[in-house]
Amino acid sequence: MSAEAEIATSAGIEDGMRAIGAAARNAATALAHASAKAKTAALQAAGAAIRTNREAILKANARDLADADAKGLNASLRDRLELNNDRIDGMAAGLDDIAALDDPIGDVIGDWTRPNGLRITRVRVPLGVIGIIYESRPNVTADAGALCLKSGNAAILRGGSESFHSSRSIYDCLQHGLKIAGLPAGAIQIVPTRDRAAVGAMLRMNEFIDIIVPRGGRSLIERVQRESRVPVIAHLEGLCHVYVHKDADASMAREIAVNAKMRRTSTCGAAETLLIDRDVASSHLPGILDELITAGCEIRGDEATRAIDSRARPASAKDWDTEYLDAILAVRVVDGLDEAIAHIETHGSHHTDSIVTGNETAAAAFAGGVDSAIVLHNASTQFADGGEFGMGAEIGISTDRLHARGPVGVEQLTSYKYVVFGTGQTRP
């Protein structure tokens, strides 16, 4: 189906989505028994196709960017949307990395024998059909499709309207990989419409879809959690913190704080708030703020921060609860570890938070006290990424506490079953 062949009417959307769901369910049955060799071949061929079709992908992306510029899309979202040669190389390399991972399906993750001689094993199996709803970032098309395939799941991808043409071009490469490997085309499908009614249809398709993974802004996540009849693995906003403890090295604190905010401001792992102990605010904070401001970052600080650097704007109560996804950072001076943890618990999104300190006891207390999916010690929050965790890629960073938490990679897209071996035992 071409990128222009969109479903037009609400009835067409409902029927079309159900047809996609039925095809995915059939494909999931086949994928559950597909060989590791076939899945690897499909991913390798898809990665090669992305490299070969680089110009077509860039052309499709230019079309999306032109539409975005006409609509006045903000700089942060535009950055998420934009593809270039490096990002295309990264997508293809991500597929290669996922292809090289061990196939998780069939792994025995538990094995024990009962006193009656029964041997009980716990074996990893696919989830089934996974629906992924995402916004702006077209590379998610490659990452999500590849991770689902590697884990033996069928995928239904619903990308953002801004990345419609880019995602479609990338999807064509994934389809090429499936064809080369002899796997069903229904294993990875993309929703062929920008109409939001398709999202509603997906959320009602509990007879076809086993898990929904939303990846986007708060409004999307809240809608999915409110309306879905399908279990959800939520990727909530990344309201991430860097806390500079009193025992932090000043140079390390500066490098981590600047990288966490400015490496790429549009990612969910970008720091949105900097906390610093009062004991070192006068010695450590001037250098951090100066480098951030020089790099183009707007500082919104509390009274103590503004006393140190008058260029900081006054922070409002809203700033502590805002995911800027932009070159803006809220800064607060705190009276020690307990106050920093309390701030993160009150204002954070349980996504990713980092402490900078040379004190191992303080680091352990921070790791134990901060209830986030990812807690770092002396490292940038920008490491909140499945690729950086050795997972090849990830569908998102789950802030849930059930099933999957943190980077959602291949293993997190599986469940398990029990296979029990007997020698004729009967229960008394």
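Any read-out appearing in this document is the output of simple, stated calculations on the displayed coordinates, not a laboratory observation. If you're wondering where the values come from, they're calculated on a predicted model, not measured in any experiment. Because the Cβ atoms are built from the backbone with ideal geometry, glycine has one as well, and the counts that use them run over all protein chains shown.
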When the C-alpha atoms of region 240-383 are aligned to their principal axes, what extent does each axis show, in angstrom, from largest down? 35, 29, 26
Protection proxy ranking of 415-428, 284-297, 185-198 - average other beta-carbon atoms within 10 Å, highest first: 185-198, 284-297, 415-428
Let me confirm the definition first: pairs of Lys residues in the chain, 8 or more apart or on different chains, C-alpha distance under 17 Å. How many are there? 5
How long is the gain from Ile120 to Gln225 if the chain were fully straight, where each residue apart is worth 0.36 nm and the alpha carbon distance is subtracted? 34.2 nm
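If each residue of separation counts as 0.36 nm, what is the full-extension length gain between Lys59 and Arg311 once their alpha-carbon separation is subtracted?
The span from Lys59 to Arg311 would gain 86.5 nm if fully extended.
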Under-5 Å amide H pairs with Val232, H placed in peptide plane, nonlocal only: Ile212
Determine the shape class of region 303-347: with a ≥ b ≥ c the square roots of the Cα gyration tensor eigenvalues, call it rounded for a/c under 1.5, and otherwise prolate if a/b is greater than b/c, oblate otherwise. oblate
Between Ser398 and residues 5 or more places away or on another chain, the pairs with built amide H atoms under 5 Å apart involve Gly406, Val408
Residue by residue through region 141-147, what is 3J(HN,Hα) from phi via Karplus (6.51 cos²θ - 1.76 cosθ + 1.60, θ = phi - 60°)? Round to whole Hz and write x for glycine and proline. 4, 5, 4, 5, x, 5, 5
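At 0.36 nm per residue, minus the direct Cα-Cα distance, what do Glu207 and Thr113 gain on full extension? Give it in nm, one decimal, please. All intermediate terms of the calculation are to be shown ahead of the outcome.
Working: separation 94, 0.36 × 94 = 33.84 nm, distance 3.63 nm.
Stretched fully, the Glu207-Thr113 segment lengthens by 30.2 nm.
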Hey, can you rank 52-62, 205-215, 395-405 by average C-beta count inside 10 Å, highest first? 205-215, 395-405, 52-62
Long-range HN-HN contacts of Ile190 with modeled amide H, under 5 Å: Leu157
Model label zone, Phe383; criterion: amide N under 11 Å from point 7 Å along Cα-to-beta-carbon; scope region 322-362: 354-355
Go through region 225-239 residue by residue and turn each phi into a ³J(HN,Hα) via Karplus (6.51, -1.76, 1.60, θ = phi - 60°); whole Hz please, and just put x for glycine and proline. 5, 6, 9, 5, 8, 9, x, 10, 9, 8, 10, 7, 4, x, 8
Can you list the HN-Hα couplings for region 382-388, worked out from phi with the Karplus curve (6.51, -1.76, 1.60; θ = phi - 60°), rounded to whole Hz and with x for Gly and Pro? 5, 7, 6, 7, x, x, 5
Provide Rg over Rh for region 370-428; use the alpha carbon set for both Rg and the Kirkwood Rh (inverse mean inverse pair distance). 1.27
Per the C-alpha gyration tensor (a ≥ b ≥ c, the square roots of its eigenvalues), region 328-373 is rounded if a/c is under 1.5, else prolate if a/b beats b/c, else oblate; here it's oblate
In nanometres, what is the gap between the two model label sites at Glu303 and Thr361, each 7 Å from Cα along Cα-to-Cβ? 3.2 nm
Among 92-98, 272-278, the order from most to least packed when residues are scored by Cβ within 10 Å on average: 272-278, 92-98
So how tilted is helix 337-347 from the main axis of the chain? Cα-based, degrees 0 to 90, rounded to 10. 50 degrees
Pull up the DSSP beta bridges for the chain and report the antiparallel fraction as a percent, rounded to 5. 30 percent
If one takes the longest principal axis of the Cα atoms in the chain, at what angle in degrees, from 0 to 90 and to the nearest 10, does the Cα axis of helix 54-71 lie? 60 degrees
Label-point separation in nm, Asp102 to Arg194, each point 7 Å along Cα→Cβ: 4.5 nm
Given a cut-off of under 8 Å on Cα pairs at least six residues apart, what relative contact order in percent is computed for the chain? 19 percent
How much net charge surrounds Val224 when only other residues with a Cβ under 13 Å from its Cβ are counted (Lys, Arg +1; Asp, Glu -1)? +4
Relative contact order of region 240-383, defined on C-alpha pairs under 8 angstrom at six or more residues apart (%): 34 percent
Separation of the Asp86 and Lys318 label points, Cα + 7 Å toward Cβ, nm: 3.3 nm
Would region 24-124 count as rounded, prolate or oblate if I go by the C-alpha gyration tensor, calling it rounded below 1.5 in a/c and otherwise prolate when a/b exceeds b/c, oblate otherwise? prolate
Nearest-0.05 FRET efficiency for Ala250 and Ala185, computed from C-beta distance (R0 60 Å): 0.60
Students often get this wrong: which residues of region 237-258 have the backbone nitrogen under 19 Å from the point 7 angstrom along Cα-to-C-beta of Asp279? 242-254
Taking 37 °C and 0.692 mPa s as the conditions, I'd like the Stokes-Einstein D for the chain in µm²/s, using the Kirkwood hydrodynamic radius from alpha carbon pairs. 143 µm²/s
Which whole-number percent gives the relative contact order of region 126-185, counting Cα pairs below 8 Å spaced six or more residues apart? 37 percent
